[in-house]
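The values are calculated or read from the model by the stated rules, or taken from the named source; none is laboratory data. Only a predicted model underlies this, so the values are computations on that prediction, with no experimental measurement involved. Virtual Cβ from ideal backbone geometry, glycine too; neighbours counted across all protein chains shown. These accessible areas exclude ligands, DNA and RNA; they are computed on the full protein's heavy atoms, side chains included. Shrake-Rupley method; radii C 1.70, N 1.55, O 1.52, S 1.80 Å.
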Amino acid sequence: MAYPNVKNCGETCPFYPRIGELRWERHLSCAEVARRTGVSPHTYRNYELGRVPIRAKFVIRLAYFYNVSIDYIVELTDQREPHQRKKQDA
């Protein structure tokens, strides 16, 4: 299955280049983002490079971390602002 508006590494692993763009904009290293979001640097780097699929729960965590919408991360919109959120812990 192909995903609309998402670059794919094969058909099973959507690649979200915006996570790298968001990290670069904030002048953060992969290791720093990994530490602050609770994954190993190796895992985070593989997510950023599109080598492994990103679980929805981690996309939510990144949206909270960067204070952007999930739709922005997965390139469904260019609007960065998140929708009103029901809970603060992800």
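For the range 47-59, the count of residues that are modelled with pLDDT under 95, buried (at least 16 other Cβ atoms within 10 Å of the Cβ) and part of a loop (DSSP other than H, G, I, E, B) is nonzero. Name the single residue that is most open to solvent (accessible area, probe 1.4 Å) among those in the range 34-46 being assigned to a helix (DSSP H, G or I) and among the β-branched types (Val, Ile, Thr). Selected residue: Thr43.
Counting residues in the range 33-49 that are touching a residue at least 40 places away in the same chain (Cβ under 8 Å) and out of contact with any Phe, Trp or Tyr (no Cβ under 9 Å at 6 or more places or on another chain) gives zero.
State all residues of the range 60-87 that are open to solvent by 90 Å² or more (accessible area, probe 1.4 Å) and free of Cβ contacts under 8 Å to residues at least 24 places away in the same chain; if no residue qualifies, say none. Within the range 60-87, Asn67, Asp78, Gln79, Glu81, His83, Gln84, Lys86, Lys87 qualify.
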